[in-house]
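Below is one structure, written out as structure tokens; the observations come after it.
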Amino acid sequence: MDLPFGWEGDRLVIRKVIERALLPLGNTALDLTPFLMMAGLSVVAALLMRWRFPHRQWARRLVQTISAVALIMGVHPCACMTRDIILGANVLGRDDLGAFKYLIVFATVAAFTTLFGRIFCGWLCPLGFAQELLAKLTAWTRGAADRPAWLYVRYALGVLFLGALFYSSYKTKPATFSFIEHAMVFYTIGLLLIVLTVLADRSKDWFFKRFRYAILASIFAVFIYGVYANGPFCVFFTAYVEWASLISCFGVLLLSVVLMNAWCRYMCPEGAMLGLLAKRAAWQINRNDARCRRDGCCEPVCPVDCIVMGIRDRETCLYCMKCVDACPYGALEIVNELEAGKKQTIPFSPRPTEYF
Amino acid sequence: MGDRALKSQIANRKSQVTILCLALSVAAIAAEVVDWPMFGLNPQRQGLSPTSFPSATLEHQWSTPPPRTLYTYVEGTPYWSSPCLATVAGQPLVFIGCYDNTLYAFNAHTGAQAWAFITGGPVSATPVYAPVGGQPMLFVASSDRSIYALDPRGNLPDEGKRKLWQVETLAWRGTVMPARMSNPLIAAVDGRQVLFCGVWNNVRSGTENVQRGEVLALDAATGKELWRRELGTGAVNTPCLGSVRGQPALFVPYEPGAVFALSARDGKDLWPRPHSTGDELHSGISVAQVNGRQLLFMGGRTAWAYCLDAETGQQVWASPINTWVDSTPAFAELDGRPTVFLGSYTYFIFALDAATGKERWRYRTRGIVQGSPALATMGGELVVCVNSLDDHVYVVAARDGRFIFRYNLGAFPWSHYRKGKTIWESCVVGTLAGRPMLIAPSYSGVVHAFAVGSRDDNAGPPRDSFWDALGESYTIPVVLLVVAVLAYTLARLAKARHRPAARRRRADASPH
């Protein structure tokens, strides 16, 4: 039986507006533009975080749009951070240009995360932006679907979606020497199962949020073993579309309709890395006890449900500032813990560590 | 006619004359050895062999057993180099470098090993054969940082005299890393046979860190260094030879993303500045005369195939391939239309119009086509022979991409490889002692040889059945896992039926 290869991956391609390095290093295609762009957008985002004004969420959307357009259309290098850390470390001292290329994006994002928290996730990440946008557009479906009768419909849809994922992965038939290259399809299937479990029992949300570290460890193990793995965000960054990445991206976006920012919550390995850095970041969102009325108005607005019973989970918080903007009493604010001398040694605890 | 136009015409004529001279000098070499003396057949890397197979009924002739078991995949190191074919003192030989640090010479008719030469590192670059001053010589660039000149004859009484000279491109020290050598080429420049080779040397040390990509020109007869030109810290890939403003020019792909035009006489730049590509450049370059204009063809990691004007380095056209191209393009005139053939990571073999870049046809294999195509005549029509990473060698018609032949060369011996980091073997064609042959090395560790015979070993065009897909792939264990998790989830769901959202319950219990 010949397969009707109507969906050939090479037919889809993201045309980059800029195909040559704007600020090349020597006689190479290595470009400083992505680094400067990320740094510039991070600084803008940090300023907007600190400055309290009524339309901050619109400003955030604008920064996200600029970042998405610039990363998708404007610059050509891939910005896969997890993969690039291993690759960059591998070639340090052998090919410093290559190491620079691989490490510069992560170094920039990590530096800003250490200072300002997960500013990349909340303000710059195109996948996060796409999930958020889709979730916002389909907010009405979640209200309706919360009714118990819809639970079965949701499961039926989940099973259908699972079938669709398998069918599409069969159709595209990743034909590499090792399937791990296209493993993101399976991570997406895993995400679907997690989402279904969490919808059945919301108390599992916290447990599966820690699942990101397992994903991060597994991906690192895969890379160190010597195999590449792609991600759902590859479709945004690369010049051509890999099917596994496209299918994963489609799956992640669809799941974000059911559960907001599902990928960011349970799977994102980059988010897990940045979460570890953000835990001790200089800028933290703290609560002013004198102003807080304890009415829980900050909880439902969080896109990743990182505030539970007045407790903010530092590792999961995206620094989107929605909770700060939602508080009518101005009880939440960004505090520079280094400056205020409030930096405390927090013993490792799997539980959220900061009380609003 | 203005002065400028006149000068331009003269320069053009000069360039044509130089190309003709170069072609004649190559033809002079080729007349003696025919065969496939270097990567891409000639210094222009055009890959068009005069070999003519009487029919397309190819029979498997012989295959060599893997020289030894190699347990580890090393990034950047293929199992075999691409082969070099030559008839030396009446003996048809296949010269091929190997991952196990050895250069092998096999008898092309029987597959028996004629001799072997051990170097200090894996030999990934295609050897070059040429008679120099009446002496047949084989040049080998090994990742032990050395270029060797060997006596290629099969019946040397004293193996100790096989090595004629050795040039070490970087002195050994404790922290030295394996070098990356490009496929060398040999050409006559100002009446002297000169060997050109790109070298990337690395000393990985905190105190003395060397990362140097350079091009070397050596006197082929003596190994004396004529010039050496450093391009930067990145690797240098397969160069080709053409001409710029009437003087012989070496076009060198620099892996971090540039093309250099260097004078073959002294290594000086011939373009005002190197041509900057959009991304890394792993493919080699080929050069050909199209409509009186000398053009360079190459791929890259930007999802395009490019054509540059050899005189200026300006882009003439770019054709969307939509993925990486690491295959060095081959060139042929088809029905008076210049055509470029190349493989890509989308599994396709492409034929592009060399003048405009417009696609003429594409043929889909079932794996990445990283090998460089070899062109020959088979049953009276021009065919494209190429290795694909779906384990097969393919032969398709050059006119329309029609499937002709396929053979399974063997599976990958390692559990994985790093996509894009290793340029795997290419097949070659040649007439060895009067017998047209297709030699296809494979990453399975075996070198295969095909010739026209009574038995047809054609595996037929590729087909994908449902059971193939299921059996080959990962699906079964994943399906089992998913079914288990789904069953668990559904069981929990049946138990819980409808329970209020945990958060609301906790919120009710909270002290707010």
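Where the centre of each part is set by its Cα atoms, how far does the range A:268-310 sit from the range B:46-97, in angstrom?
A separation of 63 Å, based on Cα centres.
Taking Cα centroids, how far is the range B:118-184 from the range A:78-124 in Å?
40 Å
If you rank B:Cys98, A:Cys297, B:Cys84, A:Cys80 by fewest surrounding Cβ atoms within 10 Å, what's the result?
Lowest to highest Cβ neighbour count: A:Cys297, A:Cys80, B:Cys98, B:Cys84.
Using the count of nearby Cβ atoms within 10 Å as a rough guide to exposure, how do B:Tyr443, B:Tyr73 rank from fewest to most?
B:Tyr73, B:Tyr443
If only Cα atoms are counted, what is the Rg of the range B:266-357, and what is its Dmax, in Å?
12.8, 40
Which pairs in the list A:Lys136/A:Lys204; B:Lys268/B:Lys421; B:Lys224/B:Lys421; A:Lys136/A:Lys279; B:Lys358/B:Lys421; A:Lys209/A:Lys279 are over 21 Å apart, alpha-carbon to alpha-carbon?
In this structure, A:Lys136/A:Lys204; B:Lys268/B:Lys421; B:Lys224/B:Lys421; A:Lys136/A:Lys279; B:Lys358/B:Lys421 lie more than 21 Å apart at Cα.
What spacing in nm lies between the two simple spin-label points modelled at B:Asn101 and A:Ala326, each 7 Å away from Cα in the Cβ direction?
Reported label-point gap for B:Asn101 and A:Ala326 is 6.6 nm.
Along Cα→Cβ, 7 Å out, is where each label goes; now give me the distance between the ones at B:Asp400 and B:Val210 in nm to one decimal.
Going by the 7 Å Cα→Cβ label model, 5.6 nm.
Can you tell me how much longer the chain between B:Trp414 and B:Glu225 gets when fully stretched, taken as 0.36 nm per residue apart minus their C-alpha distance, in nm with one decimal?
Full extension of this stretch gives 64.1 nm more.
What does the extension gain come out to for B:Gln135 and B:Asp190, with contour length at 0.36 nm per residue minus their alpha carbon separation?
So the chain would gain 17.9 nm between B:Gln135 and B:Asp190.
Assuming R0 = 35 Å, can you tell me the calculated FRET efficiency for the pair A:Leu133 and A:Val335, based on Cβ-Cβ distance, to the nearest 0.05?
Plugging the Cβ-Cβ distance into 1/(1 + (r/R0)^6) gives 0.75.
Listing B:Val194, B:Val384 from the residue with the fewest other Cβ atoms within 10 Å to the one with the most, what is the order?
Placing the least packed residue first, the sequence is B:Val194, B:Val384.
If the chain between B:Ser52 and B:Ala112 were fully stretched, how many nm would it gain, using 0.36 nm times the residue separation less the Cα-Cα distance?
The span from B:Ser52 to B:Ala112 would gain 19.2 nm if fully extended.
Run the quick spin-label model on A:Arg61 and A:Arg294: label points 7 Å from Cα toward the beta carbon, then report their separation in nm to one decimal.
Taking the simple label geometry, A:Arg61 and A:Arg294 are separated by 3.6 nm.
Suppose every Lys and Arg Cβ carries +1 and every Asp and Glu Cβ carries -1, with no other charges. What dipole size does the range A:17-125 come out with about its Cα centre, to the nearest 20 debye?
580 debye
At what distance in angstrom do the alpha carbon centres of the range B:214-271 and the range B:333-383 lie from each other?
For the range B:214-271 versus the range B:333-383, the Cα centre distance is 27 Å.
Run the paramagnetic zone check for A:Val43: 7 angstrom along Cα to Cβ, then residues of the range A:96-112 with backbone nitrogen under 15 Å.
A:108-109, A:112
We did not get these values from a lab; they are worked out from the coordinates using the rules stated. Treat the numbers as computed from the prediction; the structure is a model and nothing was measured. When we count neighbours, we look across all protein chains shown, and the Cβ atoms used for this are built from the backbone with ideal geometry, even at glycine.
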